[in-house]
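Below is one structure, written out as structure tokens, with a few remarks after it.
The values are calculated or read from the model by the stated rules, or taken from the named source; none is laboratory data. None of these values were measured; they are calculated from a predicted model. Backbone-built Cβ (ideal geometry, glycine too); neighbour counts: all protein chains shown. Note: accessible area is taken over every heavy atom of the protein model, side chains too, but ligands, DNA and RNA are not part of it. Shrake-Rupley method; radii C 1.70, N 1.55, O 1.52, S 1.80 Å.
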Amino acid sequence: MNSKFIKNKIKSYLSLKFIEMSKKTKSDNQSLQIPKPILITAKFLQAISPRLATQFAAKLFTTPIKHKIPKREFQMDKQSIQHDVLIPSINKTIKTYQYGNKPKKILLVHGWSGRGTQLVKIADELIENGFSIISFDAPAHGKSKGYSSIMTEFIASIIELEKQFGPFEFAIGHSLGGMSIINAIKQNLNVKKAVIIGSGDLIQDIISDFIQNLGLKPQIGERMREHFEKKFSEPMNNYSTSVVSKNIETPVLIIHDNDDHDVNVKCAHNIHNHLKNSKLMITNHLGHRKILGNEKVINEISNFIRS
């Protein structure tokens, strides 16, 4: 059985499984369980070929799940001015949302497998405070076309949107969106302040957790990191939030929940320790997603922006 045939099978299998997974729901406090067939396939490939197991894991790692937009986001989706915007540096087109019509703009960035309308509760509060919102579906997310993406494409999208829709007064990101904002600031995104919610930190930890959840050996994680470093011609650790934070002067509000089962709260503390000007808010019992609609969290964001 040649490797090209196996690669095509992997691609077809992943497409089918992610369609299946996208139809399932999960609570705000519980991570989506990886289907047993994927776990079995990963272990089978590891047994016959570490190279194929690495390719399988890398493909899975860069394939987001597209979820149906929930009712609470309908209003933002309906009232937004939407455009398809080409991001030249990655040659991909994304869907953008312009919500509100005030001259002062705030950029919102969703996380992995999220959508441009996911931070709607925060957006509504900011509009009441006199701002308008620019958000987007990252490549392969929401209404944007494609099947794969990675953080560098989130960052490239942010940088391009600043050129086309900016300047932005502030930037607010959830999970991978928070990581992407900090990296974009390093790449000269100019905002007065930033807010990151449930943000990840060390790239190696993210890869290691992913590989562990797949039931694979740590060596596959090392091979996957090397795969991406060869592809992008730089160490993945260069994108770790705490590493990038060392040179960030922009004031940052870090919000994280103690019961976040997707991203450990230790990430928030480590990022806070490396930023030069940051404020830390730790919540309880909100998990990774409910935190986006919590009244106290939204009030803290408003106060931070106004101060």
Could you derive backbone 3J(HN,Hα) for the range 261-273 from the dihedral phi with the Karplus parameters 6.51, -1.76 and 1.60 (θ = phi - 60°), listing whole Hz in sequence and x where the residue is Gly or Pro? 8, 8, 10, 4, 5, 4, 4, 4, 5, 5, 5, 4, 5
Which order do peptides 36-45, 234-243 fall in by mean Cβ count within 10 Å, highest first? 234-243, 36-45
How big is the dipole moment of the chain about its Cα centre under a simple scheme where the beta carbon of each Lys and Arg is +1, that of each Asp and Glu is -1, and everything else is neutral? Debye, nearest 20, please. 1020 debye
Rounded to the nearest 5, what % of the DSSP beta bridges within the chain are antiparallel ones? 35 percent
Work out how much length ASP124 to LYS217 would gain on full extension: take 0.36 nm times their residue separation and subtract the Cα-Cα distance, in nm to one decimal. 29.0 nm
At 0.36 nm per residue, minus the direct Cα-Cα distance, what do ASN91 and ARG72 gain on full extension? Give it in nm, one decimal, please. 3.7 nm
Restricting things to alpha carbons, find the Rg to Rh ratio for the range 58-119 using the Kirkwood radius for Rh. 1.00
Here the averaged projected area of the range 146-294, based on the convex hull of its alpha-carbon atoms and given in nm², is 9.6 nm²
For the range 136-236, report the accessible area per residue in Å² (1.4 Å probe, heavy atoms, rounded to an integer). 41 Å²
GLN204 versus LEU39, label points 7 Å from Cα toward the beta carbon: distance in nm? 2.7 nm
Can you give me the three principal axis dimensions of the range 129-187 from its C-alpha atoms, in Å, biggest first? 36, 25, 22
So what is log10(I(q)/I(0)) for the range 217-291 at q = 0.20 1/Å, when the Debye sum runs over its Cα atoms only? -0.92
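Taking R0 as 22 Å, what FRET efficiency do you get between ILE282 and SER302 from their Cβ-Cβ distance, rounded to the nearest 0.05?
So the FRET efficiency works out to roughly 0.75.
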Spelling out what I want: for every residue of the range 176-184, take phi, set θ = phi - 60°, compute 6.51 cos²θ - 1.76 cosθ + 1.60 (Karplus), and round to whole Hz; glycine and proline get x. 4, x, x, 4, 5, 5, 4, 5, 5
The computed P(r) of the range 69-192 puts the percent of Cα pairs beyond 21 Å at 28 percent
The range 32-115 accessible area per residue, 1.4 Å probe, protein heavy atoms, integer Å², reads 54 Å²
Give me the percent of accessible area attributable to carbon and sulfur for the chain, probe 1.4 angstrom. 50 percent
Non-local residues with an amide H under 5 Å from the amide H of LEU253, with H modelled 1.01 Å from N and Pro and chain starts lacking one, are ALA194, VAL195, ILE196, LYS279
Per residue, what volume in Å³ does the Cα convex hull of the chain take up? 124 Å³
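DSSP loop trypsin sites (Lys or Arg not before Pro) in the range 83-166 with at most 13 other Cβ atoms within 10 Å of their Cβ, which ones?
Hits after loop and neighbour filter: LYS145.
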Given a Förster distance of 45 Å, the FRET efficiency implied by the Cβ-Cβ spacing of ILE48 and GLN187, rounded to the nearest 0.05, works out to 0.65
Find which of SER149, ALA171, PHE131 sits farthest along the positive direction of the dipole of the range 112-176, computed with +1 on the beta-carbon of Lys and Arg, -1 on that of Asp and Glu, about the Cα centre. SER149
If you stretched the chain out fully between LYS102 and ILE81, how much longer would it get, using 0.36 nm times the residue separation minus the C-alpha to C-alpha distance? 6.2 nm
